[in-house]
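Colleague: Following this message is one structure expressed as structure tokens.
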Amino acid sequence: MLQVHKLERYKDDQGNEIVYDGEIRDAKIDIRFKGSNNRLVISPKADVKDLLVTFTGDNGQIDIEQTTKKRAGLRFELRCGHESRIRIGENVGCAGRTFLSAVEGVSVTIGADVMFAKNIEVRGDDTHPIFDVHTEKRANPSQSIVVGEHVWIAKHAVVMGGVTIGNGSVIGFRSIVTSSIPNNCIAVGAPARVVRRDIAWERPEVVSRRPDELYPRKGEKSEQYWNPTVEDDVPAKPVIRQQPKAQRRGAARILPAPVRRLAKKFRSA
């Protein structure tokens, strides 16, 4: 495994590359290459505060776009596997380190202006495989994720594979998102369910404001994200990676155990 502890341009003889022309950073930077031909591309204007990246296979791609507005900074743990991709849009902010995982050829896409709270996971995989004992097929294939623009994900939330979240929505505290969520709504719970539609949210905090103050203040309204919820406007469902067919070991292999034992008894009779 190759490790890099500075955010600067880098290339090694395994074809791994860091494309970055901004100010060199060496605090809280840990980039690990376990394979070959992986590429990390970071805008020179990205406000990177804390970054742990692990490429676990070959031909992975991670893109992190610029920060041009006042945000909490980029704090990520990123895991990128064989033929997989992670893309983080512009002006994303993280109150704490957010974990993103894309392996087995899938992608995780984070739209512009997304706001992450602390202790959040966005994962296209379950780390370990689960199988159907009768068919030997994978029950939990890795799946891509799309988080739209201007989405607020609250503390301790988890977004699972195969999910899309529409622009302008809010995912509540400790929610687990297992199915797609439309735009401009609030979803809470485990699994997360839509509890309110036709909402919009803004970044300025309310903690220092007077109880009778009117909202939003002049200049706070992000007009492009104030839209009614459209139930059928969920982004296109991400592509599910097709698992290779398991090698066949004979028709009897997929039969239930009691049937196999009975067949064996008749054969020996």
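The values are calculated or read from the model by the stated rules, or taken from the named source; none is laboratory data. All values reported here derive from a predicted model rather than from experimental measurement. As a convention, Cβ positions derive from the backbone with ideal geometry for all residues, glycine included, and neighbour counts pool all protein chains shown. SASA here: full protein model, heavy atoms, side chains in, ligands and nucleic acids out. Shrake-Rupley method; radii C 1.70, N 1.55, O 1.52, S 1.80 Å.
Colleague: Work out, in µm²/s and without decimals, the Stokes-Einstein translational diffusion coefficient of region 16-89 at 20 °C, 1.002 mPa s, Rh from Kirkwood over C-alpha pairs.
Modeller: D, rounded to a whole number, is 172 µm²/s.
Colleague: I've got another one for you. With the radius of gyration and the Kirkwood radius both derived from the Cα set of region 110-151, what is their ratio Rg to Rh?
Modeller: 1.18
Colleague: Here's another thing I want to ask about it. For the chain, what does the relative contact order come out to in percent, with C-alpha contacts under 8 Å and a separation of six or more?
Modeller: After rounding, I find 10 percent.
Colleague: With a probe of 1.4 Å, find how much accessible area the chain has per residue, and write the answer as a whole number in Å².
Modeller: Counting only protein heavy atoms, the per-residue value for the chain is 56 Å².
Colleague: Would you work out the relative contact order for region 1-160, in percent, from Cα pairs under 8 angstrom that are 6 or more residues apart?
Modeller: Once divided by the residue count of region 1-160, the mean separation gives 15 percent.
Colleague: Moving on to the next point. What residues qualify as long-range amide H neighbours of S144, i.e. H under 5 Å apart, gap of 5 or more or another chain, H built at 1.01 Å from N?
Modeller: Amide H neighbours of S144: S107, G162, V239, R241.
Colleague: Taking 25 Å as R0, compute the FRET efficiency from the Cβ-Cβ separation of E213 and A95 and round it to 0.05.
Modeller: After rounding to 0.05, the efficiency reads 0.60.
Colleague: Just to compare against my own numbers: the Cα pair-distance distribution for region 92-173, 10 Å bins, whole % per bin, please.
Modeller: With a bin width of 10 Å, the distribution comes to 19, 47, 23, 9, 1.
Colleague: Quick check on region 1-134: what does the Kirkwood estimate of hydrodynamic radius come out to from the alpha carbon pairs, in Å?
Modeller: 15.0
Colleague: Now for a different question. Mind running the shape call on the chain? Use the C-alpha gyration tensor, a ≥ b ≥ c as the square roots of the eigenvalues: rounded below 1.5 for a/c, prolate if a/b tops b/c, oblate otherwise.
Modeller: Cα axes put the chain in the oblate bin.
Colleague: Suppose every K and R has +1 on its Cβ and every D and E has -1 on its Cβ; what is the size of the dipole of the chain about the Cα centre, in Debye to the nearest 20?
Modeller: So the dipole magnitude of the chain works out to roughly 1520 debye.
Colleague: If you don't mind, there's one more thing I want to ask. How large is ³J(HN,Hα), in whole Hz, for each residue of region 61-68 in order, when computed from phi with the Karplus curve 6.51 cos²θ - 1.76 cosθ + 1.60 and θ = phi - 60°, using x for Gly and Pro?
Modeller: Values per residue, Gly and Pro as x: 9, 10, 10, 10, 8, 6, 10, 10 Hz.
Colleague: Moving to a separate point now. Holding the Cα-Cα limit at 26 Å, pick out from K118/K218; K69/K155; K69/K118; K34/K118; K28/K118 the pairs that are longer than that.
Modeller: Check vs 26 Å cut-off fails for K118/K218; K34/K118.
Colleague: Take the solvent-accessible surface of the protein heavy atoms, probe 1.4 Å, and return the percent of it on region 62-127 that carbon and sulfur atoms account for.
Modeller: Roughly 42 percent of what the probe reaches on region 62-127 is carbon or sulfur.
Colleague: Whole-Hz ³J(HN,Hα) for each residue in region 177-185, computed from phi via Karplus 6.51 cos²θ - 1.76 cosθ + 1.60 with θ = phi - 60°, x for glycine and proline: what do you get?
Modeller: The phi angles translate into 8, 10, 9, 5, 10, x, 6, 6, 9 Hz.
Colleague: Could you work out the longest stretch of the chain that avoids the GluC sites (Glu not before Pro) located in DSSP loops with at most 12 other Cβ atoms within 10 Å?
Modeller: 24-204
Colleague: Could you state the angle between the C-alpha long axis of helix 257-268 and the longest principal axis of the C-alpha atoms of the chain, as a value from 0 to 90 degrees rounded to the nearest 10?
Modeller: 20
Colleague: While we're here: When a/c is below 1.5 the answer is rounded, else prolate if a/b is larger than b/c, else oblate, so apply that to region 189-228 with a ≥ b ≥ c taken from the square roots of the Cα gyration tensor eigenvalues.
Modeller: It comes out oblate by the Cα gyration axes.
Colleague: Here's a follow-up. Per residue Cα convex hull volume for region 71-209, in cubic angstrom?
Modeller: Enclosed volume per residue, from the Cα hull, is 107 Å³.
Colleague: Can I ask one more? Say we join alpha carbon atoms closer than 10 Å with springs in a Gaussian network model of the chain; which of Y215, Y225, Y20 then has the biggest fluctuation?
Modeller: Y215
Colleague: I've got another one for you. Hey, what number do you get for the chain at 222 nm if only DSSP H runs of n ≥ 4 count, each worth -39500 (n - 2.57), divided across all residues, to the nearest 500?
Modeller: Computed mean residue ellipticity for the chain: -1500 deg cm²/dmol.
Colleague: Show me, for region 116-125, the HN-Hα J-couplings you get by feeding each phi into the Karplus relation (A = 6.51, B = -1.76, C = 1.60, θ = phi - 60°), rounded to Hz, glycine and proline as x.
Modeller: 9, 7, 9, 6, 10, 10, 10, 9, x, 9
Colleague: Using amide H atoms built 1.01 Å from N in the peptide plane, name the residues 5+ places from V19, or on other chains, whose amide H lies under 5 Å from its own.
Modeller: It is L40, V41, I42, by chain and number.
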